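Novice: Take this structure first; my questions come after.
Read-outs: derived from the displayed coordinates by stated rules, not from any lab. As the structure is a computational prediction, the values presented were derived from the model and not from experiment. Cβ placement follows ideal geometry from the backbone for every residue including glycine, while neighbour counts extend to all protein chains displayed.
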Amino acid sequence: MSSNKRIREKLTLASATLLQLSNVAAADKPDDAWDVSSAILFYSENDGRVSAIEPVISGTRELAEGEKVNLKLVLDSLTGATPNGAHASSSSQTFTNPSGKQAYTIAPGELPLDDTFLDTRVAFSGSYEMPVIDNYSRIILGGNLSKEFDYTSLGVSANFLRDYNNRNTTFSAALGLNADSIEPSGGIPTPFANMKVAGTGTNRDGADDSKTITDFMLGVTQVINRRTLMQFNLGFSSTSGYMNDPYKIISVIDGTTGLPIAAVGDDLPYLYENRPDSRSRQTFFWKTVHHLTEDVINVSYRYHTDDWGIDSHTIDFHYRYELGNGRYLQPHLRYYSQAAADFFVTSLVDGAPLPQYASADYRLGEFVTSTIGLKYAMPVGKNSEFSVRAEVISQVQSEVDTPIGDQVNHDLTPDTDAYIIQFGYNFYFGG
């Protein structure tokens, strides 16, 4: 569930810029026509890990003066293998799958991957924009529903915008509320309980759980001059409820040898993780779009901090290079760095007191991600545009400072490479 969600965040980020209509046919578009953006994305991680296919379609239509509706549908399918949280060892390791009914064995020296990873999702969202008070104010009301086999998310949002300074300055305030329910395969694991031998039990606290998310954002968008637009946002987020990943475990090792301890009865030497049941986040976002004689530069910076100890920095750069006749190339560079959560561990030592919280999910560790990509777009006829984009994503994890015994022989924080190719087709119809 949680690891699925993080992968989907990558997919959302990767598809966001393609689902933006070009101005190929903007001058000829009737006022009441539908602007439609569609794309299909293919995502693949190295070493036979997660692969995904994600088709997306989004449509926007002007209903009346100042009124606008947007609808979006996302389908995706995830397959492959994903790290279960345990680390590689010089001895073979046996794990139980999430249902608790079957076992799988990992060879010595290999990163433990759960190859039963399989999920599909359907997500629908919509928004309605309308003027309020006067022609200088508007509100955007939105809603979203997402359904996976073990995860359901339902949300609503409202965004108020007010123009000043001859519409050169726009202030905004947005509020979003989400209610999520989690029904993992096999139920909700008991925090810090042992994974059981297949068929002997599951150490579960119940069948399902839930969490709520509240997001608030303040923003200002300023026209600097005829060619430059700048945006600043401050975001605040609060999450409470079930925050664990029910499919992630932590290795319990011998403090001298660094090897996993022996199973005790039906208890395997792996504990289910335990994260705090609340999280408070703050973000700062800056974006500038500058129009050159023909080309366009788009650069942004985002800073994130939270009470889990995770601080991150994101720099994103696009350069739209016009080739003429509606064709363009758009290189893309992105850099992301993250500090580890306060409770991130690679393992727990047998006999040592348990911490209050712990997780071996490498996505909570310290790492740097670099993305390089290129998009090519061209008009197709009078009213549409075709595009293709390819990206390479490289995630480099920071090394653990003090590995113990056998851990020295293995990469406890493995790096990840991923590849994306996406095809887009934008058009309008009706009117």
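Novice: Restricted to the stretch 323-380, and to residues that are surrounded by 15 or more Cβ atoms within 10 Å (Cβ to Cβ) and in contact with a Pro (Cβ under 6 Å, 6 or more places away or on another chain), which residue is farthest from ALA39 (Cα to Cα)?
Specialist: So, considering only residues that are surrounded by 15 or more Cβ atoms within 10 Å (Cβ to Cβ) and in contact with a Pro (Cβ under 6 Å, 6 or more places away or on another chain), the one farthest from ALA39 (Cα to Cα) is TYR357.
Novice: Look at the stretch 151-192 and say how many of its residues are more than 20 Å from LEU234 (Cβ to Cβ), among the aliphatic types (A, V, I, L, M) and surrounded by 17 or more Cβ atoms within 10 Å (Cβ to Cβ).
Specialist: Selection size over the stretch 151-192: 2.
Novice: Being of a type in the set (D, E, K, R), in contact (Cβ under 8 Å) with a residue 60 or more places away in the chain and either touching a Ser or Thr at 6+ places or on another chain (Cβ under 6 Å) or part of a loop (DSSP other than H, G, I, E, B) (or both) is the filter here; which residues of the stretch 66-102 pass it? Talk me through it step by step, then tell me what you get.
Specialist: Start the filter on the stretch 66-102 by keeping residues that are of a type in the set (D, E, K, R), which leaves 67-68, 72, 76, 101.
Next cut, in contact (Cβ under 8 Å) with a residue 60 or more places away in the chain only: 67-68, 76, 101.
Selection gives LYS101 alone.
Novice: Same structure again: When residues of the stretch 246-271 are filtered for being part of a loop (DSSP other than H, G, I, E, B) and in contact with a His (Cβ under 7 Å, 6 or more places away or on another chain), how many remain? Spell out how you get there, then give the answer.
Specialist: Here is the first cut: in the stretch 246-271, the residues part of a loop (DSSP other than H, G, I, E, B) are 246-248, 254-259, 261-263, 265-266.
From what's left, in contact with a His (Cβ under 7 Å, 6 or more places away or on another chain): none.
Count: 0.
Novice: If I go through the stretch 397-414 residue by residue, how many of them are in contact (Cβ under 8 Å) with a residue 40 or more places away in the chain and either loosely packed, with under 14 Cβ neighbours inside 10 Å or of a type outside the set (Asp, Glu) (or both)? Working first, answer last.
Specialist: Here is the first cut: in the stretch 397-414, the residues in contact (Cβ under 8 Å) with a residue 40 or more places away in the chain are 398, 400, 403-414.
Right, trim to either loosely packed, with under 14 Cβ neighbours inside 10 Å or of a type outside the set (Asp, Glu) (or both) and you get 398, 400, 403-405, 407-410, 412-414.
Total meeting the criteria: 12.
Novice: Looking only at residues that are among the hydroxyl-bearing types (Ser, Thr, Tyr) and assigned to a loop (DSSP other than H, G, I, E, B) in the stretch 173-194, which one is farthest from ASP163 (Cα to Cα)? Working first, answer last.
Specialist: At the first step, the residues of the stretch 173-194 found to be among the hydroxyl-bearing types (Ser, Thr, Tyr) are 181, 185, 190.
Then keep just the ones that are assigned to a loop (DSSP other than H, G, I, E, B); that gives 185, 190.
On the way: SER185: 49, THR190: 51 Å.
By that ranking, first place goes to THR190.
Quick grid of which residues meet (1) part of a strand (DSSP E or B); (2) in contact (Cβ under 8 Å) with a residue 60 or more places away in the chain; (3) of a type in the set (D, E, K, R):
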position	(1), (2), (3)
ARG281	yes, no, yes
ASN298	yes, no, no
TYR301	yes, no, no
HIS304	yes, no, no
GLY309	no, no, no
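Novice: Could you list, in sequence order, all residues of the stretch 214-249 that are among the hydrophobic types (A, V, I, L, M, F, W, C) and surrounded by fewer than 18 Cβ atoms within 10 Å (Cβ to Cβ)? Before the answer, list the steps.
Specialist: To start, the set of residues in the stretch 214-249 that are among the hydrophobic types (A, V, I, L, M, F, W, C) comprises 216-218, 220, 223-224, 229-230, 232, 234, 236, 243, 249.
Once the filter is applied, which keeps residues that are among the hydrophobic types (A, V, I, L, M, F, W, C) and surrounded by fewer than 18 Cβ atoms within 10 Å (Cβ to Cβ), the stretch 214-249 yields PHE216, LEU218, VAL220, VAL223, ILE224, LEU229, MET230, PHE232, LEU234, PHE236.
Novice: Just wondering, is there one or more residues in the stretch 153-170 that are in contact (Cβ under 8 Å) with a residue 24 or more places away in the chain, among the β-branched types (Val, Ile, Thr) and more than 27 Å from SER137 (Cβ to Cβ)?
Specialist: no
Yes/no per residue for (1) in contact with an Asp or Glu (Cβ under 8 Å, 6 or more places away or on another chain); (2) of a type in the set (Lys, Arg):
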residue: ASP119; (1), (2): yes, no
residue: GLU129; (1), (2): yes, no
residue: SER137; (1), (2): yes, no
residue: GLY143; (1), (2): no, no
residue: LYS147; (1), (2): no, yes
residue: LEU154; (1), (2): yes, no
residue: THR169; (1), (2): yes, no
residue: ASP180; (1), (2): no, no
